[in-house]
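Okay, so here's the structure we're looking at.
The values are calculated or read from the model by the stated rules, or taken from the named source; none is laboratory data. A quick note: this is a predicted structure, and the numbers were derived from the prediction, not measured. Every residue, glycine among them, receives a Cβ derived from its backbone with ideal geometry; neighbour counts consider all protein chains shown. Side chains are part of the model used for accessible areas, which takes the heavy atoms of the whole protein and leaves out ligands, DNA and RNA. Shrake-Rupley method; radii C 1.70, N 1.55, O 1.52, S 1.80 Å.
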Amino acid sequence: MDWGFIFERTFSTMIGPEVVIYALAALGLNIHFGYTGLLNFGHVAFMAAGAYGLGVSVYYFHWNFWIGLGMAMVYSIVLALILGIPTLRLRADYLGLVTIAASETIRITVRSRVFKPITGGAEGISEFSKPFYDLSPFDLGRFYSFGPFRYLGRDLWVLVVGWTLLILLTLMVQQVMRAPWGRALRAIREDEDAARSLGKNAYAFKIQSLLFGGAIGAVAGVVQVVQKGSIQADGFNPTITFTIWMILIIGGPARPWSPIAGSMIYWSLIIFVENVLRQLSPQTRESLERTIKLSDINIGQMRYIIVGLGLLLLARYRPQGIFGSREEMALDDR
Amino acid sequence: MLLNLADRPQTIKKVLVFALLGLFLGVFGVSRVAADDADLGISGQLKYKNAAGETIFVAGATVSVDGLDAVTTDETGSFRIPVPGPGEYRISLDTATLPETVSLKDANRNFLDVNLSTDRDQVVIFSLQDGSTSVASESRFALRRVVQLSVEGIKFGLYLALASVGLSLIFGTTGLVNFAHAELVTFGNLMGYFFNYYGLAGVVGFLAPLPAPLGSGSNLIIAAALTMFAGGILGYGLNRFIFRPARRSGVSLLAQMVMTIGGSILLRYIFLYFFTGGTRAYRSYSAQRASEFLGIYLTPKDIASMFVSVVILLAIGFGLKRTRSGRAMRAVSDNRDLSESSGIDVEKVISQVWTTGAALASLAGIFFGLDAVTWESGFRVLLFVFASVTLGGLGTAFGALFGALIVGLVINLSTLFIDVELKNMMALLALVVVLMFKPQGLFGRKERIG
Amino acid sequence: MIANYSPTPGVSKNRPALVVKNVSKSFGGLKAVDVKHLEIESGVITALIGPNGAGKTTFFNLLTAFDSIDSGSIELFGKDIVGVASQNLAKQGMVRTFQLTKALSKMTVIDNLKLGALHQSGENFIKSLFTPIWSSQEREIESRADALLDRFNLSHMRDEFAGTMSGGQRKLLEMARALMTDPQILMLDEPMAGVNPALTQSLLGHVKLLRDEGRTVIFVEHNMDVVRDISDWVVVMAEGAIIAEGTPDHIRSNQVVIDAYLGVHHDRELSNDV
């Protein structure tokens, strides 16, 4: 087994594009679920809104890339309002119902033939991100190595911009959550009626929370498609949402830096395990194939089995995340 | 987390349950025939029977897959179009390239939507007929079409109702929205396949020659009964080993819902892992010819399954109204505290609700499986299930029944006006509109606060 | 003087804080509240009593817009408040507490109190981004909160999670938090429920102090002894309607009330065994 290769992959993943993208997405979900208690089970829809806000502007309207970025935000705002206005006056579970349904519906609709002229259908959209890469100070095709890390210049440029965005947005979340705005959100999460009795417009705060977290989710979507260089509807499937949930709960909800920690832990674990599995000796592989049907095809599926089991067990035993205090858990008296 | 596992025998027990479930499905996966077809395609054969009853192959007709090159059928009427990967495709037949007397049986069906799975070719069938028996093509709103869509809508609604009742009752009795409910539908869908092909014990090699239902596969009707039983056990187990302990140790509803989401994705990918992504069909009753009755096309299995659903739904209605445990279920849904103080064993009721709800969802899975058996059959109807229970009013059993019928009907009829591909959008729209104007649903009551 | 009013249901007061006319509310055909006319005098403590299921809490919910009325009108200091959202009632000087205490358990005690302050500029999302905009107001709120913690003897819990408090402490916390809005009317839903006897006296003292500050207090209570001790005026509900009102002494000798209550006390003792 080539441990050197496995560790190089694992370390490079730890600060790699997936970590940035999923940490950004989880940061948005943290505002929804962690701070406000909103059950957003369709977070991937916000990523799709960001991606298509950019993609449709460039592909269909032939606007330039930078206007597209603005449209990404507009799309996420529209989506948040559509999802939030009917549901946020109701019990928490209704938002869950609508978001999980909406995210799948949006994927199916966007990839349909009817919308193909606008969204590119199942094939999607590509060649929209050139203006971004034109600004790169790195040689896009060259490999850059430092320490255990090794990235293509193209990815390195995405990483520099991605991490900058991630850290700035995390600081922003930290700031607003320390302010009275965040205090009101936490109060609404704990008990909406109490907050309303004290003059807080719970509905308005929840809408704001959905907008803010959704916009950050859209940023994650934009970073993802710019990094990949293409937008494909099927990339925005429900497993993305649940991976984001897993990351948020690993890191511990309602803490500003936990999405980054959760994303690093999740991705390095997954990449490590997958690489170890792929490098097993042929005999071991064969016996695994015989006993548990492990094949090249379903190694990737193993990931989501782990996500599902992890989410179930974490929500049951450590809803405060793996770093959270036991004290806080004991306070969960509802 | 690992520490937790070590010092909690309870957790170990739960992990064991999942391991067993995995094993169960694993065994089932082992016996499948592997297909290692790397390049994918969609194929078919164009043929019709002439007035004399002879089969004639249509050569030279053009068939195309959306976004890809068109092909022409060969002298045996066959065609095969390679596609880049799994996904949903629409295959269109250019009717202008058919021989002059030949036309489609249903003029509206000059295209077919296929969901291509990961590992095998998909065969499509265009039903053709000789011109001498052809009827004039009908308009978009032809009465026949409206009636046909309505009947199909009722059929879909009946299946949805079976899938939804449990979700609504579980919510009513525990306050929990079970986001994994669709996976119970898939469970039924797949277990039906399993029992249908291998019987109860036939999966273990040397037991295969046993008589049905033990070995060598059992008839789908027996398989359905076995599946409902298995579904009931699964539902009972989920409550007994996962959600009841969670309720006992005061896990918040919010966290419980995240647990159901985790459970949903866990089950779904266990299904995919072992069943793989292909679409399969039951051994019994898979290829049936639709017969015409007053211009409506239905297969015998459609008629039988609709009849069975109606009988079962009536039985549920009767049970909820007249039997002791049914009344207890409704009472607990209505007001849990009051029921508890008036001596109803709430935990027992919850257990019954999980068991029957899951058994019914499994049966719905079998019915959906008459059309296709896949690892995500439940997830595909999830949105419609949600729309049904919300429309009827979360927590009300009768609401779910009527909600499902309305949703099935409206969704199917909506295809008169909009593209079939957008019918999910319609369901979502309906859901949003209901929540805007009547969030408690048609049969629900407003809640009290404080 | 309040004692001079005639002890008849619906009697009008000189300085009413709240005027309720023909308010009704049904749940599924069952009439939960049906109040013809009720005026609540300002600056005094009014007790709202009645047997279980008399509709007291529902009536409270209607007054504070946590539930919507089917018909009728409610006036707060002469202004119609039907249709005003509950959060806006707090801004108009009416604030409530809950029967099942709603301490925000995963927030600290001081944060619970600071939340109560109205018109915080830092609650605006854009402004919250810039600390200097709201920091001085935050300091002022914090010193008010500390003063209230002191007054309610909760200073030692200041930085603890509210979830760690005892039932009685939570009641005090909720009252203190309500006072952060500087309300003219305080509506307390069973402030003594689940509080140990040692704390009851201190709680009662706090309620009286509220009146002495010139605030109007309305509270729901079962226990007749408590009612007699601190209330200036008592309103009795049964089956959703006002069946009597008067001074505590009047109510004690009122045959209608005794009839309504004797049955209930009997019931309650039974249910207490469970």
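Points to keep in mind about this one:
- Acute angle (nearest 10 degrees) that the helix C:255-272 long axis makes with the longest principal axis of chain C, alpha-carbon atoms: 60 degrees
- Spin-label proximity, B:Leu143 to the range B:256-294 - amide N less than 15 Å from point 7 Å beyond Cα toward beta carbon: B:294
- Tilt relative to chain C, helix C:131-151 - C-alpha long axis, 0 to 90 degrees, to 10: 50 degrees
- In terms of packing, defined here as the mean over residues of other Cβ atoms within 10 angstrom, the peptides A:280-288, B:178-186 line up highest first as B:178-186, A:280-288.
- Distance between modelled label sites at B:Thr72 and A:Phe7, nm, 7 Å Cα→Cβ extension: 6.4 nm
- Number of partner chain Cβ atoms within 10 Å, mean per residue of A:168-175: 1
- Interface residues in the range A:229-264 - accessible area drops by 50 Å² or more relative to the isolated chain, probe 1.4 Å: A:Phe242
- Buried on complex formation within the range B:402-444 (loss of at least 10 square angstrom of accessible surface versus the isolated chain, 1.4 Å probe, ligands and nucleic acids ignored): B:Asp419, B:Glu421, B:Leu422, B:Asn424, B:Met425, B:Leu428, B:Leu431, B:Val432, B:Leu435, B:Met436, B:Pro439.
- Probe 1.4 Å, accessible area per residue of the protein assembly as shown, Å²: 41 Å²
- Per-residue shielding of B:165-174, expressed as the average number of other chain Cβ atoms within 10 Å of the residue Cβ, stands at 0.
- The sum of -39500 (n - 2.57) across all DSSP H runs of n ≥ 4, divided by the residue count of the protein assembly as shown, sets its helix-only mean residue ellipticity at 222 nm to -17500 deg cm²/dmol.
- Protein accessible surface hidden between C and A, which excludes ligands and nucleic acids, total in Å², probe 1.4 Å: 3000 Å²
- Proximal lysines relative to A:Lys206, as straight alpha-carbon distance under 25 Å, when same-chain residues fewer than 8 apart are discounted: B:Lys438, B:Lys446, C:Lys91, C:Lys102, C:Lys106, C:Lys114, C:Lys127
- Buried surface for the B/A pair, taken as the accessible area of each chain alone minus that of the pair with a 1.4 Å probe, is close to 5400 Å² in total.
- Averaged over residues, the count of other Cβ atoms within 10 Å places the peptides C:63-69, C:202-208, A:89-95 in the sequence C:63-69, A:89-95, C:202-208, highest first.
- For the range C:77-123, a decrease in accessible area of 30 Å² or greater in the assembled protein chains relative to the isolated chain, with a 1.4 Å probe, applies to C:Gln87, C:Phe98, C:Lys102, C:Leu104, C:Ser105, C:Lys106, C:Met107, C:Asp111, C:Leu115, C:Glu123.
- For residues of A:296-309, the mean tally of beta carbons on other chains within 10 Å: 5
- Label reach from A:Asn237 (point 7 Å along Cα→C-beta): in the range A:260-303, amide nitrogens under 14 Å belong to A:297-303.
- Alpha-carbon centroids, the range A:300-326 and the range A:233-281: separation in whole Å: 10 Å
- Highest mean packing first, where packing is the average number of other Cβ atoms within 10 Å per residue, the peptides B:396-404, B:149-157 line up as B:396-404, B:149-157.
- The residues A:Tyr52, B:Tyr197, B:Tyr236, sorted by heavy-atom accessible surface at 1.4 Å with ligands and nucleic acids left out, run B:Tyr236, B:Tyr197, A:Tyr52 from largest to smallest.
- Per-residue extension of 0.36 nm, minus the Cα-Cα distance of C:Ala3 and C:Arg151, leaves a gain of 50.3 nm for this segment.
- Degrees separating the helix C:197-212 axis from the principal Cα axis of chain C, which is the longest one: 90 degrees
- Sites C:Asn124 and C:Asp249 - FRET efficiency at Förster radius 51 Å, r taken between beta-carbons, to 0.05: 0.50
- Here the accessible area is traced with a 1.4 Å probe on the protein chains. For the protein assembly as shown, carbon and sulfur cover 61 percent of it.
- Panel values: the range A:3-236, Kirkwood radius from alpha carbon pairs, Stokes-Einstein at 25 °C and 0.890 mPa s, translational diffusion coefficient 131 µm²/s.
- Calculated FRET efficiency for the pair B:Asn335/C:Val256, C-beta based, R₀ 30 Å, to 0.05: 0.50
- The mean sequence distance of close C-alpha pairs (under 8 Å, at least 6 residues apart), as a share of the length of chain A, puts its relative contact order at 32 percent.
- Applying 1/(1 + (r/R0)^6) with R0 = 60 Å to the Cβ-Cβ distance of C:Ser135 and B:Thr97 gives a FRET efficiency near 0.20.
- With K and R counted +1 and D and E -1, the other residues having a Cβ less than 12 Å from that of C:Val235 yield a net charge of -3.
- Among A:Tyr266, A:Tyr75, A:Tyr151, the residue with the largest mean-square fluctuation in a Gaussian network model of chain A, with springs joining Cα atoms closer than 10 Å, is A:Tyr151.
- Straightening the chain between A:Phe65 and A:Arg178 buys 37.2 nm, computed as 0.36 nm per residue apart minus the Cα-Cα spacing.
- Point-to-point label distance, B:Asp371-C:Ala85, nm (Cα→Cβ direction, 7 Å offset): 4.2 nm
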